[in-house]
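Scroll down for the structure; my scribbles are underneath it.
The values are calculated or read from the model by the stated rules, or taken from the named source; none is laboratory data. A quick note: this is a predicted structure, and the numbers were derived from the prediction, not measured. Here the Cβ is made from the backbone with ideal geometry for all residues, glycine too, and neighbour counts use every protein chain on show.
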Amino acid sequence: MTAQDMPPPIALFRMVTGYYVSRAVHLAAELGIADLLAAGPQGSDALAKATASHGPSLQRVLRLLASAGVLAEEADGRFSLTPTGNCLRTDIPGSMHAAALVFGGITQQAWSGLRHSVQTGKPAFAEVFGAEPFEYLARHPEDAAAFDLAMSGFTRMIAGAVAAAWDFSSFATVMDVGGGNGMLLEGILAANPGLRGILFDLPHVAERARERLRATGVAGRCQILAGDFFEVVPPGADACLLKHVIHDWDDERAAVILRNCHRAMGPNGTLLLVEGVYPPRIDTSDAAISAASNDVNMLVCTGGRQRSEQEFRELYKAAGFRLTRIVPTPARVCVIEGVKA
C-alpha cells in the first residue's frame, strides 16, 4: 500500500515515524548483519552472539527490518536477506553499507537542527557537532572513512553514466576540480583512451587519490595536483569538471570557485558541472522527492543547495560563464555545460 492509498492520518504517521526504520537500518549496518547473513539464513540468537548483542532485543529490531522489506523472516524464525537488504553487504559492487552509516548516522543527527537552519538560514551541522562538516570529518577518521566509501559508491555509478552521456572527444585534458579519490576521473579516462586528466583537491585528499589511482589502468594519463579551489585553480585543462562540489556552497562561495575555474581556462575552455537540477515544479514523483530531499540536506549540512536551471544560469553569469546546455544522464544527475561569456 502506497502513501496515496492510506488514510491521510496513517500516511502522515508513517512519515513522522520514518526514522524507526532508518535507525534500524543504520544499526544493521553498524553490526554487519548483512555480511553475517550472506551465506544464508540465521537465527537471532546466532546473530546476537556474533554481534555481542542481547538476543531478544536484536530479534525485535530484525523483525522491524523484516516488516520494512530489508530482511525476511523465515517459517522457522530465522532471518534472511532480501534484495534490498543484500545492498547492505560490504563485499558487493554497489554496496550501500557506507551510505547507511553516513546518512543514518551523522547526517541524521545533523537534521535534528533543521529548525535552526530554517530560522537562521545557516547550516545546522556546526550547531549540532560544533564544527563544519569537512572539519568534523578531519577530526573523526572513522566517520571520514565511511563518508569516503559512500561518496565513492555514488561516484562509481555516476562515472559510467556521465561517460556514456557526454562526448569528451573534443578535449585533450579534463581537470576534475575537487575530484576526491578520483573515481569519476578514472571512469571517464577509462571510457576515453585518448583523454588525459588532472585531479585537483586539497593536499590530504590528493594524496589519497594518488595512492588509489596508482593501481589503476589510467594512472599514466592522470596528473594529481594539490591546492584549495577557493584560492586558485591551476591551468592546463580544456575543461573543468566539478561533480557535486557547487551544491555544497551558497551562491557567493560557489561563484568564487567558478571564477577561479574561469581564470584557469583558456578562451575556449569549457565548464562542466555534474549535479542534479531542481525541477520547475515539485510533485510526488521520485525525481522530485530526490531533488527536494537533497536540497534540504544541503541546507542542513553545508549551507549549499540544489539549483534550478535558472539558478544555474544566474550563477554561471556571476562567474563569467554562459550556460549553453544541460544534458541528462541515467544517474539522476545532469552535465551542465558552460563557456566563457
Reported set for region 304-337 where residues are within 17 Å of Leu271 (Cβ to Cβ) and buried (at least 19 other Cβ atoms within 10 Å of the Cβ) is Arg307, Phe312, Leu315, Tyr316, Ala319, Phe321, Leu323, Val333, Cys334, Val335, Ile336, Glu337
Would you point out which residue out of Ala159, Ala99, Ala165 is on the phi < 0 side of the Ramachandran plot and surrounded by fewer than 18 Cβ atoms within 10 Å (Cβ to Cβ)? Ala165
Which is among the aliphatic types (A, V, I, L, M) and in contact with a helix residue (DSSP H, G or I) (Cβ under 8 Å, 6 or more places away or on another chain), of Ala52, Ala28, Ala39? Ala28
For the subset of region 1-56 comprising residues that are part of a helix (DSSP H, G or I) and either touching a Cys at 6+ places or on another chain (Cβ under 6 Å) or of a type in the set (Ser, Thr, Tyr) (or both), which member is nearest to Phe79 (Cα to Cα)? Ser44
Filter region 192-229 down to residues that are in a strand (DSSP E or B) and of a type outside the set (A, V, I, L, M, F, W, C), then give me how many there are. 4
Please indicate, with yes or no, whether at least one residue in region 47-60 is surrounded by fewer than 17 Cβ atoms within 10 Å (Cβ to Cβ), of a type outside the set (D, E, K, R) and either modelled with pLDDT under 95 or on the phi > 0 side of the Ramachandran plot (or both). yes
Residue tally, condition in a loop (DSSP other than H, G, I, E, B) and at pLDDT below 95, over region 178-191: 4
Among the candidates Gly77, Gly94, which residue alone is out of contact with any Ser or Thr (no Cβ under 7 Å at 6 or more places or on another chain), modelled with pLDDT under 95 and surrounded by fewer than 20 Cβ atoms within 10 Å (Cβ to Cβ)? Gly94
Suppose we filter Ala215, Ala254, Ala209 for residues that are more than 20 Å from Ala318 (Cβ to Cβ), surrounded by 19 or more Cβ atoms within 10 Å (Cβ to Cβ) and in the same structural domain as Ile336 (by TED's automatic domain parsing); which single one remains? Ala209
Can you tell me how many residues in region 258-297 are part of a loop (DSSP other than H, G, I, E, B), surrounded by 19 or more Cβ atoms within 10 Å (Cβ to Cβ) and either in contact with an Asp or Glu (Cβ under 7 Å, 6 or more places away or on another chain) or basic (Lys, Arg) (or both)? 2
Residue tally, condition of a type in the set (Asp, Glu) and in contact (Cβ under 8 Å) with a residue 24 or more places away in the chain, over region 274-293: 1
So Ala144, is it without any contact (Cβ under 8 Å) to a residue 40 or more places away in the chain, within 15 Å of the chain's Cα centre (by Cα) and surrounded by fewer than 17 Cβ atoms within 10 Å (Cβ to Cβ): yes
Just one of (1) within 19 Å of Gly18 (Cβ to Cβ); (2) not in a loop (DSSP other than H, G, I, E, B) trips up Gln59, so point out which. (1)
Just one listed residue, out of Pro193, Pro235, is assigned by TED's automatic domain parsing to the domain that holds Thr329, of a type outside the set (A, V, I, L, M), surrounded by fewer than 18 Cβ atoms within 10 Å (Cβ to Cβ) and touching a helix residue (DSSP H, G or I) at 6+ places or on another chain (Cβ under 6 Å), and it is Pro235
Scan Gly94, Gly121, Gly85 and give me the residue that is farther than 22 Å from Gly304 by Cα and more than 18 Å from the chain's Cα centre (by Cα). Gly85
